[in-house]
């Protein structure tokens with residue numbers, strides 16, 4: 001007869017497995033139902049390769065911007081209290097809750113040809129790589145900021161105070177103590193940000209149909225040629241992303257983690 | 001000399017109020033107070049880690065400051081060597097000098113064998129030594145210590161006291177050490193300040209504060225064994241109808257008196273001595289301590305006194321036995337409550 005704790009464990013494992021299978025089954029099914037020949041042909045298809053590289057490049061640039069601008073904001077959220085902080089935090093979370101197509105339209109109204117920016121400069125970001133980066137940045141920055149903010153919150157601020165008593169300026173303390181202590185949270189944020197950027201579709205399609213990022217190429221091939229030709233592109237993108245993220249998770253796990261202890 | 005004048009700081013609902021302290025150069029100054037009394041805030045203000053609301057702090061060279069927090073905050077992403085050398089690297093010293101200084105300090109603190117160990121693998125006492133080395137290696141003129149031994153076992157505490165004493169004697173730096181531990185203050189301090197609820201209540205040498213507390217809080221905090229409340233009428237401090245103490249002070253109402261247990265002499269027969277205060281009482285409790293025995297004697301009020309184990313055996317004292325106790329008027333300290 002099973003004891004109570006075993007029953008508890010089994011129920012939780014079963015319910016957890018349902019979620020894992022729900023995610024995994026369509027992906028595995030898609031991978032194994034794609035013929036290797038078609039996959040190989042896709043691998044040498046210049047349009048596909050260009051699109052994947054474009055997607056990786058733009059999401060990487062968006063992530064780099066997130067690192068440069070997102071870390072200071074995360075630090076402010078975690079370490080300072082000020083009037084209106086909750087409102088600003090809510091603003092940063094807006095991209096998580098609005099439909100991404102709406103995000104695309106919002107960006108278009110600010111940066112498109114008919115926007116104030118467009119009318120003054122005569123420029124438009126529509127159809128440019130800049131627009132892809134902007135769309136990716138807009139829809140995924142909240143994930144990065146929240147991950148890094150939680151990292152800073154968990155590290156006692158007195159580590160940097162100690163560094164300052166040892167002669168460091170606040171900026172030196174930030175670079176040599178605070179940042180290394182939340183390395184894991186930063187890597188997590190980078191993975192989430194980059195992944196979210198790669199998979200973005202809704203905001204990008206409003207701003208940039210050409211050049212095609214992979215998510216749009218998959219949609220385009222599905223619309224024009226059907227499932228058979230869309231599938232290998234999707235499989236290829238999934239495999240490339242899987243390899244990249246597995247490597248990043250290994251780096252994240254192997255490095256020293258966050259030191260989220262309040263004590264020594 | 002560090003001169004703190006009218007220092008005020010409000011954090012949330014807590015306020016540090018009108019702090020005035022003069023700490024001599026090279027002095028080992030202990031700030032003694034219960035948890036939540038504002039000790040750490042005061043230390044952080046002295047270190048310049050917190051911005052004061054008003055008042056002034058003079059005589060602190062912020063570039064020559066060593067600070068050790070209660071929780072040490074050794075950098076967990078750095079090993080022992082990197083922790084100790086942190087302040088030297090910030091000062092952009094060359095690698096050879098850094099190496100020499102780190103090795104020298106590690107040798108002095110007997111942690112040379114730990115230099116390349118991970119911080120997370122050290123014992124409490126080892127971590128403490130590393131924290132001291134990290135602060136000491138930058139050759140501070142002022143050492144600020146925030147309850148540095150509170151999480152350590154008693155035997156390790158004693159080691160750390162020894163190390164701190166040694167460093168103080170050697171470096172002649174000014175030490176400001178906050179603690180709630182009276183024994184720590186007893187062992188280390190040249191002078192102490194008692195802090196409570198954000199206010200300095202009393203300053204002086206430990207003996208002065210212990211023998212002559214200026215308030216009920218201090219008397220209680222430093223553990224005055226005998227504390228009485230009463231009125232002085234015609235050269236007698238009257239606690240109740242059965243107990244009065246001779247004093248040369250003028251008449252006064254609602255006043256406290258303390259008598260150190262060590263100042264009370266016990267005898268089987270009434271002593272023929274200059275002591276003006278002699279009482280005949282009954283032993284109602286006997287408590288064994290490590291170095292002495294505490295007797296509680298009912299002499300109209302309960303009076304605690306200490307005797308050595310040797311004297312206790314010699315007198316062969318028992319509960320309910322009647323004995324004489326006596327003390328000099330000069331052993332009694334009076335203060336008017338706040």
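None of the figures in this text is laboratory data; all of them are computed from the coordinates on show. Keep in mind the model is a prediction, meaning the values are calculated, not measured. Note: ideal-geometry Cβ built from the backbone for every residue, glycine included; neighbour counts use all protein chains shown.
Before moving on, here are some points about what is shown:
- For chain A, the 222 nm mean residue ellipticity estimated from helices alone, with every DSSP H stretch of n ≥ 4 adding -39500 (n - 2.57) and the total spread over all residues, rounds to -24000 deg cm²/dmol.
- Chain B: calculated mean residue ellipticity at 222 nm from DSSP helix runs of at least 4, using -39500 (n - 2.57): -8000 deg cm²/dmol
- Counting Cβ atoms of other protein chains within 10 Å of each residue's Cβ and taking the mean over peptide B:64-70 gives 4.
- Using alpha carbons only, the radius of gyration of the stretch B:71-172 set against its Kirkwood radius gives Rg/Rh = 0.94.
- Cα-based convex hull, chain B, per residue volume (Å³, whole number): 170 Å³
- Cα gyration tensor category, rounded, prolate or oblate, for the stretch A:1-83 with a/c compared to 1.5: oblate
- Here the translational diffusion coefficient of the protein assembly as shown follows from Stokes-Einstein with Rh set to the Kirkwood radius across Cα pairs; for 4 °C and 1.567 mPa s it amounts to 42 µm²/s.
- Among B:56, B:150, B:274, the residue with the largest mean-square fluctuation in a Gaussian network model of chain B, with springs joining Cα atoms closer than 10 Å, is B:274.
- Separation between Cα centres of the stretch B:286-308 and the stretch B:145-205, rounded to whole Å: 28 Å
- Dimensions of the stretch A:56-142 based on its C-alpha atoms, expressed as ranges along the principal axes with the largest first, amount to 41, 29, 25 Å.
- Each principal axis of the Cα cloud of the stretch A:198-246 was taken in turn, and the coordinate range along them, longest first, works out to 31, 25, 15 Å.
- Rounded to the nearest whole angstrom, the semi-axes of the ellipsoid equivalent to the stretch A:57-263, taken from the Cα gyration tensor as √(5λ), stand at 36, 23, 13, largest first.
- Per-residue packing, averaged as other Cβ atoms within 10 Å, sorts the ranges B:217-229, B:135-147, A:79-91 into the order B:135-147, B:217-229, A:79-91, beginning with the highest.
- On Cα atoms only, tilt of B:124-136 relative to the major axis of chain B in degrees: 70 degrees
- D_trans [Stokes-Einstein, Kirkwood Rh over alpha-carbon pairs] for the stretch B:17-80, 25 °C, 0.890 mPa s, µm² s⁻¹: 176 µm²/s
- Helix B:154-171 axis, angle to chain B major axis (alpha carbon atoms, nearest 10°): 70 degrees
- Cβ-Cβ FRET estimate between residue B:94 and residue A:43, R0 fixed at 60 Å, reported to 0.05: 0.65
- Ranking of B:37, B:273 by neighbouring Cβ atoms within 10 Å, starting from the fewest: B:273, B:37.
- Cα centroid separation - the stretch A:1-47 against the stretch B:63-87, whole Å: 47 Å
- Ordering A:98, B:290 from the fewest to the most neighbouring beta carbons within 10 Å gives B:290, A:98.
- Against chain B, whose longest principal axis is taken from its Cα atoms, helix B:80-90 shows a tilt of about 70°.
- For chain A, built as a Gaussian network whose Cα springs stay under 10 Å, the top-fluctuating residue of A:94, A:67, A:132: A:94
- The antiparallel fraction among DSSP beta bridges confined to the protein assembly as shown stands at about 75%.
- Averaged over A:166-175, number of beta-carbon atoms from partner chains that fall within 10 Å: 4
- Among A:217, A:154, A:175, residue whose mean-square fluctuation peaks in a GNM of chain A (springs only between Cα atoms under 10 Å): A:175
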